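A short write-up of the structure that comes next.
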Amino acid sequence: METKNIKAFGTTGASEPLKEMTIQRRGLMPHDVEFEILYCGICHSDLHQAHNDFGGSNFPMVPGHEMVGRVTAIGTHVTKFKVGDLVGVGCIIDSCRECEYCKQDEQMFCKGEVLSFNSPDKYLGGSNYGGYSETYVCDENYVLRISENVDLAATAPLLCAGITVYSPFKHWNIGPGKKVGILGIGGLGHVAIKIAKAFGAYVVVFTTSDAKVADTQRLGADEAVLSTDPEQMKQHTDTLDLILDTVSAKHDINVYLNLLRADGSVVLVGLPPENLPINPFNVVKGRRSFSGSNIGGIGETQEMLDFCAQHNITADIEMINIQEINEAYDRLLKGDVHYRFVIDMASLKN
Ligand code: NAP
Ligand code: ZN
Ligand code: ZN
């Protein structure tokens, strides 16, 4: 198969910094779309994978799964896109297309799901490379359409952070009359505030960062609680219908289970690398649930992008040049980002 050499930023090992490298992209298959990546968000999952937090990371690795850009070429059978269209690619770039989950447009449950980086590359061998790079090639059925009217850089984070919080809010029927807690105000958490408000819910934020208490009200939260203050926490006991937990590191779930009303759920989307112990009484009493959610399907991702464009929802971003990526990773690890880093991919040409 024909390939193209392109510039990228990646890492050769879990304790190595990211640096410029040359990688290969496949030539176009009949259903492929090639696009120039204009902006790419930095999700905490990029950092987990680059640091091999879960084990099983493959190196060399080019992270990046919140890509937006403009189509530069299309395969002979592509019908959904043309050269010049604005497009996005998130976490999922292929799946088996035949299983019950693929048929119901929930590709994130498919055993044959292929992710946008660090997944086996069936065309070129080895693992595939993500969006910290000049271009991307993807089957048109996994490419999303981006409106011409949005702030493109601030829309990039919706490709992962947006769908990961939108999908559970839909599944658990969040809307008017529902009291929603959002735990951890980073990339996912701050977008969750905006989407939960657009759904009409009452939003209470739980943060470990003093400075974020006032700022989350600016983002639209109805109340903000400093979760390290037991007095403030106690006031919310037995009040919440759903708590979306976006925390990336080890923390005590039991404290939050106790804030749920009867039949309420804590829904985990954060991926702390450690186990999270649960006291049985905290779920048995009140018939409470502890569950999780993983991104969302391709159709739902398009629905989310259209919903956000219509409601003027984008991420609050700090734009960086790609050469600043290692400092950005250090700050992300400390929870010091307001609220999503996005790479201006033009800097890769420097
Ligand atoms: P992020 O921007 O780093 O935000 C995480 C937030 O968690 C921090 O801003 C901080 O919020 C809080 N936090 C961090 N360490 C903490 C600790 N030790 N104790 C309590 N709170 C802490 O990360 P993100 O990009 O939003 O991603 C969040 C998590 O979701 C990551 O684990 C990521 O891998 C995962 N993720 C999962 C999916 C999925 O499909 N399920 C998709 C994308 C990402 P405060 O300062 O407000 O406390
Ligand atoms: Zn992500
Ligand atoms: Zn499938």
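Specify which residue in the list Gly41, Leu152, Ile313 is farthest towards the positive end of the charge dipole of the chain, using unit charges on the beta carbon of Lys, Arg (+1) and Asp, Glu (-1), about the Cα centre.
Checked the options; the winner is Ile313.
Please compute, over every Cα-Cα pair in the stretch 54-143, the percentage with a separation greater than 14 angstrom. Provide the component values of the computation, followed by the final result.
Working: 2687 of 4005 pairs.
Counting pairs separated by more than 14 Å, the tail of P(r) holds 67 percent.
Out of every Cα pair in the chain, what percent are spaced more than 39 Å from each other?
In whole percent, the share of Cα-Cα pairs in the chain beyond 39 Å is 13.
Per the helix-only calculation at 222 nm, which mean residue ellipticity applies to the chain, given -39500 (n - 2.57) for every DSSP H run of n ≥ 4 and division by its residues, nearest 500 deg cm²/dmol?
Working: 11 runs with 83 residues, N = 350.
Calculated mean residue ellipticity at 222 nm is -6000 deg cm²/dmol.
Quick check on the stretch 194-308: take the gyration tensor over C-alpha atoms, sort the square-rooted eigenvalues as a ≥ b ≥ c, and tell me if it's rounded (a/c under 1.5), prolate or oblate. Walk me through the numbers before you get to the answer.
Working: a/c = 1.55, a/b = 1.19, b/c = 1.31.
Cα axes put the stretch 194-308 in the oblate bin.
Considering only C-alpha atoms, what is the centroid distance from the stretch 11-63 to the stretch 145-198, in Å?
A separation of 24 Å, based on Cα centres.
Between Ser15 and Gln323, how many nm apart are label points set 7 Å from Cα along the C-beta direction?
For Ser15 paired with Gln323, the spin-label model returns 2.8 nm.
Can you tell me the 0 to 90 degree angle between the C-alpha axis of helix 298-310 and the longest principal axis of the chain, rounded to 10?
70
Where does each of 13-22, 45-54, 341-350 land if you order them by average Cβ count within 10 Å, highest first?
45-54, 341-350, 13-22
Ordering Cys96, Cys138 by how much accessible area each has at a 1.4 Å probe, largest first, what is the list?
Values: Cys96 55, Cys138 0 Å².
The most accessible residue leads, giving Cys96, Cys138.
For the chain, build the charge dipole from Cβ charges (+1 Lys, Arg; -1 Asp, Glu) around the Cα centre, then report which of Ile278, Ala198, Met29 sits farthest towards its positive end.
After comparing all options, I get Ile278.
Ignoring ligands, DNA and RNA, how do Lys170, Lys4, Lys285, Lys111 rank by accessible area with a 1.4 Å probe, largest first? Write down the numbers at each step before the final one.
Values: Lys170 85, Lys4 105, Lys285 135, Lys111 200 Å².
I get Lys111, Lys285, Lys4, Lys170, largest accessible area first.
Pulled fully out, how much extra length does the chain show between Phe59 and His338, if you take 0.36 nm times their separation in residues and subtract their Cα-Cα distance? Provide the component values of the computation, followed by the final result.
Numbers: separation 279, 0.36 × 279 = 100.44 nm, distance 2.94 nm.
Fully extending the segment from Phe59 to His338 adds 97.5 nm.
Accessible area of Asp210, 1.4 Å probe, to the nearest 10 Å²?
110
Quick one: accessible area per residue over the chain, 1.4 Å probe, rounded to a whole number of Å²? Before the final figure, lay out each step's value.
Numbers: 14980 Å² over 350 residues.
With the other protein chains kept in place, the chain gives 43 Å² per residue.
Using a 1.4 angstrom probe on heavy atoms only, work out the carbon and sulfur share of the accessible area of the chain in %.
Values: 7440 of 14980 Å².
For the chain, the apolar C and S fraction of the accessible surface comes to 50 percent.
The values are calculated or read from the model by the stated rules, or taken from the named source; none is laboratory data. Note that the structure is a prediction, hence the values are computed from the model and not measured. All Cβ positions, even for glycine, are placed from backbone atoms using ideal geometry, and neighbour counts span all protein chains on display. Each accessible area value is taken on the protein alone, full model and side chains, heavy atoms only, with ligands, DNA and RNA left out. Shrake-Rupley method; radii C 1.70, N 1.55, O 1.52, S 1.80 Å.
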